[in-house]
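Trainee: First, the structure itself, so that you have it in front of you.
The values are calculated or read from the model by the stated rules, or taken from the named source; none is laboratory data. Predicted model, so just to flag it, every value in this text is computed and none were measured. In this analysis, Cβ positions are derived from the backbone assuming ideal geometry, glycine residues included, and neighbour counts consider all displayed protein chains.
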Ligand code: ADP
Ligand code: MG
């Protein structure tokens, strides 16, 4: 699906001042960025704007400040320093966002300059999309650019606000994320195989529901499989289960059948008598899980079945690990499926915080076609929802 909003390519930015919302919500340890993925992801748009001769003002949130007042542990300075280190550009930092100091720093921005403002969430009103916040941020620049895909699902002041006052367009990261994650519903190369796992059916029901509309095969793993087993009348012992969602799980199975989407559920499971590093894994077929055991990972027969399905795919979308991958002995199913996807020629699109963590843990990130930088935002797109940040931009 073509992106339907204007991007930085569609607007003249030369000699203009641009305020761009990025997602520099990076993990920090002792004031140092421990994973710079999100800073890297913003660089293509920053580079483009700089090369076009725009003056660039960057803003982001970081962590969860209590609001109304600076918190030294959550300053954006380390992210600004990381941007300078990664690009070699001179990057200015201003330890203010909404006050006179920030206004003066923004006023001094010249073409080609890069200025990073302090954490937008050091003011509570930002999260409520207060018009005063929006007006203030818009007053700093001629053009608003949204490239913070990870927060594009939040209708907050720095995400949607400035679009009401100055022309608002998308950056390259936002465009690519939306294009990729909506593309699997518009016109995927087939067969399109979706792999959904993780802990709960309740948190993924919208994802499953929408994927069934598009996928040729839907593979289900992880803790959510056990609620599906209950819908099929199996007993699941002490496995993770959501009794209130059995009926919805059953409806999903019926919907898939009606839509011609093949659903694959685990045929065997690695189980344990308790949840822990020291637990001993024992394999049981899905209709034979003992009352005193819980499913921790997909079993070897299932792993083979799932890997075969993935190998035949032209497009794979994956969200949610196949088992408790944080414990090595229960990470085998997740790792095998991840390797099958990585080794295949298919277009592979990965979304979701824990799935991305799993892929990084196995060192397979470079072999995937696209790894989404947004957890919540990617899930909302896959559920078929519109993102408020994107909605607020100018139509192409
Ligand atoms: P994502 O962040 O990729 O969307 P989720 O948050 O839905 O994924 O799920 C990830 C969690 O699911 C992991 O912490 C993992 O341990 C857990 N999980 C996977 N399989 C099981 C299982 N069989 N029993 C309990 N928890 C599970
Ligand atoms: Mg998660």
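Trainee: Within the range 154-175, does at least one residue satisfy the condition of being at pLDDT 95 or above, over 21 Å from residue 26 (Cβ atoms) and under 16 Å from the mean Cα position of the chain (by Cα)? Give the steps one after another, and end with the answer.
Mentor: Let us first name the residues in the range 154-175 that are at pLDDT 95 or above, namely 154-175.
Narrowing further to those that are over 21 Å from residue 26 (Cβ atoms): 155, 160-170, 175.
Next, only the ones that are under 16 Å from the mean Cα position of the chain (by Cα) stay: 175.
Yes, the range 154-175 has at least one match.
Trainee: A further question follows. Does residue 24 qualify as being outside the structural domain of residue 82 (by TED's automatic domain parsing) and in contact (Cβ under 8 Å) with a residue 40 or more places away in the chain? It would help to see each step written out before you state the result.
Mentor: Values: outside the structural domain of residue 82 (by TED's automatic domain parsing): no; in contact (Cβ under 8 Å) with a residue 40 or more places away in the chain: yes.
Answer is no for this residue.
Trainee: Is it the case that the range 323-332 has a residue that's within 11 Å of ligand 1 (Cβ to nearest atom), assigned to a strand (DSSP E or B) and either touching a strand residue (DSSP E or B) at 6+ places or on another chain (Cβ under 6 Å) or within 23 Å of residue 266 (Cα to Cα) (or both)? Steps first, please.
Mentor: Here is the first cut: in the range 323-332, the residues within 11 Å of ligand 1 (Cβ to nearest atom) are 323-327, 330-331.
Okay, now just the ones that are also assigned to a strand (DSSP E or B), so none.
Within the range 323-332, none of the residues are within 11 Å of ligand 1 (Cβ to nearest atom), assigned to a strand (DSSP E or B) and either touching a strand residue (DSSP E or B) at 6+ places or on another chain (Cβ under 6 Å) or within 23 Å of residue 266 (Cα to Cα) (or both).
Trainee: Moving to a separate point now. Give me the residue from the range 336-359 that is in a helix (DSSP H, G or I) and within 14 Å of the chain's Cα centre (by Cα) and, out of that set, modelled with the lowest pLDDT. Full working, then the answer.
Mentor: Here is the first cut: in the range 336-359, the ones in a helix (DSSP H, G or I) are 336-343, 353-359.
Within this subset, residues satisfying the condition of being within 14 Å of the chain's Cα centre (by Cα) are 353-359.
Numbers: 353: 85, 354: 90, 355: 91, 356: 90, 357: 89, 358: 93, 359: 94.
That would be 353.
Trainee: Mind counting the residues in the range 195-212 that are more than 18 Å from residue 323 (Cβ to Cβ) and touching a residue at least 60 places away in the same chain (Cβ under 8 Å)?
Mentor: Qualifying residue count for the region: 5.
Trainee: When you scan the range 282-300, do you find a residue that is over 20 Å from residue 227 (Cα atoms), more than 13 Å from ligand 1 (Cβ to nearest atom) and part of a helix (DSSP H, G or I), even just one?
Mentor: Yes, the conditions are met somewhere in the range 282-300.
Trainee: Which of (1) touching a residue at least 60 places away in the same chain (Cβ under 8 Å); (2) away from ligand 2 (no atom under 16 Å from the Cβ); (3) farther than 24 Å from residue 225 by Cβ; (4) assigned to a helix (DSSP H, G or I) is the odd one out, the single condition residue 366 does not satisfy?
Mentor: Going through the list (1) touching a residue at least 60 places away in the same chain (Cβ under 8 Å); (2) away from ligand 2 (no atom under 16 Å from the Cβ); (3) farther than 24 Å from residue 225 by Cβ; (4) assigned to a helix (DSSP H, G or I), residue 366 breaks only (1).
Trainee: Among the residues of the range 202-235, which ones are within 10 Å of ligand 1 (Cβ to nearest atom) and either within 24 Å of residue 292 (Cβ to Cβ) or out of contact with any helix residue (DSSP H, G or I) (no Cβ under 7 Å at 6 or more places or on another chain) (or both)?
Mentor: 203, 204, 221, 222, 223, 224, 225, 226
Trainee: Which of the residues belonging to the range 178-194 are out of contact with any strand residue (DSSP E or B) (no Cβ under 6 Å at 6 or more places or on another chain) and either away from ligand 1 (no atom under 16 Å from the Cβ) or without any contact (Cβ under 8 Å) to a residue 24 or more places away in the chain (or both)?
Mentor: Of all residues in the range 178-194, those out of contact with any strand residue (DSSP E or B) (no Cβ under 6 Å at 6 or more places or on another chain) come to 178-179, 181-183, 185-187, 190-191.
178, 179, 182, 183, 185, 186, 187, 190, 191, listed by residue number.
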